[in-house]
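What follows is calculated from the coordinates using simple rules that are stated; it is not laboratory data. Given the structure is predicted, the values throughout are model-derived calculations rather than measurements. Neighbour counts run over all protein chains shown; Cβ positions are idealised from the backbone, glycine included.
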Amino acid sequence: MSQGIQRRKQVMGREPVIHIVEDDASLRQALEDLFQSVGHSTRTFGSTAAFIESVDRDAPGCLVLDIRLPGVSGLDFQVRMEGLGIRLPVILMTGHGDIPMSVRGMKAGAVDFLTKPFRDQDMLDAVTEALERDDRRRAAAADTAEVWRRFSTLSPREQQVMRLVSAGRLNKQVAGDLAISEVTVKIHRGAAMRKMGARSLADLVRMADVISASPQTNTTV
């Protein structure tokens with residue numbers, strides 16, 4: 001088993017799964033054999049409908065998706081995934097690829113676009129990048145969730161002071177904004193930094209930026 005796979009298991013606590021959606025049974029089996037030969041866990045599906053029915057939306061991994069599928073095309077499904085709560089990185093493959101399809105898929109966030117027949121190593125390289133991308137997204141989401149957790153431990157006044165201080169307001173200005181004393185501002189500021197685990201004002205500003213940019217409802221992995 002590669003060090004990358006071992007690291008992902010250690011970091012995420014769950015083994016990543018490569019989901020293969022391909023209506024050609026022989027290629028589906030060949031891809032499953034390829035991925036399992038290097039230590040990956042896989043699940044295979046003949047359609048996007050079958051994939052939707054059984055996918056674990058919280059599990060780490062990636063999706064290897066054929067473009068030419070019965071019913072909804074792979075490209076259309078890729079666009080729909082976010083609305084379905086599926087955030088897995090996507091590798092697109094097709095035997096009928098052209099430049100417009102490739103551009104559309106990449107603009108929609110695909111990790112790679114492979115035209116059949118592709119080299120095994122090209123697919124393995126694409127999967128490695130997809131799993132690393134999933135790692136990074138999940139790590140960022142976990143960091144954001146932790147910032148929100150800490151922010152929720154602040155009192156309403158501490159939250160106000162944190163937001164104002166992080167926006168560049170001086171203690172004296174914050175005191176005027178909130179109609180409280182400057183000493184009280186300093187007390188709330190110190191409490192906010194302690195509860196947030198901020199070692200400096202720069203840390204506090206970074207955390208405030210995370211809160212402003214990431215609504216709490218969007219911090220799931």
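Give me the tail of P(r) for the chain as a percent: Cα-Cα pairs with distance above 32 Å.
37
Can you compute 3J(HN,Hα) from phi for each residue in region 188-200, using the Karplus curve 6.51 cos²θ - 1.76 cosθ + 1.60 with θ = phi - 60°, rounded to whole Hz and x for Gly and Pro?
5, 5, x, 5, 5, 5, 5, 5, 7, x, 8, 8, 7
Using the basic label-point model (7 angstrom from Cα toward the beta carbon), what is the D23 to T115 distance in nanometres?
Going from the D23 label point to the T115 one covers 2.2 nm.
R163 to R199: extension gain in nm, 0.36 nm per residue of separation minus the Cα-Cα distance?
Numbers: separation 36, 0.36 × 36 = 12.96 nm, distance 1.64 nm.
Length gained between R163 and R199: 11.3 nm.
Report, in whole Å, the centroid distance computed from the Cα atoms of region 154-171 and region 41-74.
For region 154-171 versus region 41-74, the Cα centre distance is 45 Å.
Apply the Karplus curve 6.51 cos²θ - 1.76 cosθ + 1.60, θ = phi - 60°, to the phi angles in region 169-176 and return the couplings in whole Hz, x for Gly and Pro.
Along region 169-176, the couplings run 6, 6, 3, 5, 5, 4, 4, x Hz.
Over the chain, what is the relative contact order in percent, taking alpha-carbon pairs closer than 8 angstrom and at least six residues apart?
In percent, rounded to a whole number, it is 15.
Quickly estimate the mean residue ellipticity at 222 nm for the chain, helices only: each DSSP H run with n ≥ 4 gives -39500 (n - 2.57), and the total goes over all residues, rounded to 500.
After summing the helix terms and dividing by the residues of the chain, the value is -18000 deg cm²/dmol.
Rule-of-thumb check for region 118-221: C-alpha Rg over 2.2 N^0.38 Å?
Normalised by 2.2 N^0.38 Å, the Cα Rg of region 118-221 equals 1.48.
If you project the alpha carbons of region 26-81 onto the principal axes, what extent comes out on each, in Å, largest first?
30, 28, 16
List every residue whose amide H lies under 5 Å from the amide H of V17, counting only residues 5 or more places away in sequence or on a different chain, with H placed 1.01 Å from N in the peptide plane.
Result for V17 returns G61, C62.
Could you pull out every residue, at least 5 positions away or on a different chain, whose amide H is within less than 5 Å of the one on L69? Hs are placed 1.01 Å off N in the peptide plane, and Pro or chain starts have none.
The list, which skips near neighbours in sequence, is G74.
For region 114-131, what does the Karplus curve 6.51 cos²θ - 1.76 cosθ + 1.60, with θ = phi - 60°, yield as ³J(HN,Hα) per residue in whole Hz, taken in order and with x for Gly and Pro?
Whole-Hz 3J(HN,Hα) from phi for region 114-131: 10, 9, 6, x, 10, 6, 3, 5, 4, 5, 5, 5, 5, 5, 4, 5, 5, 5.
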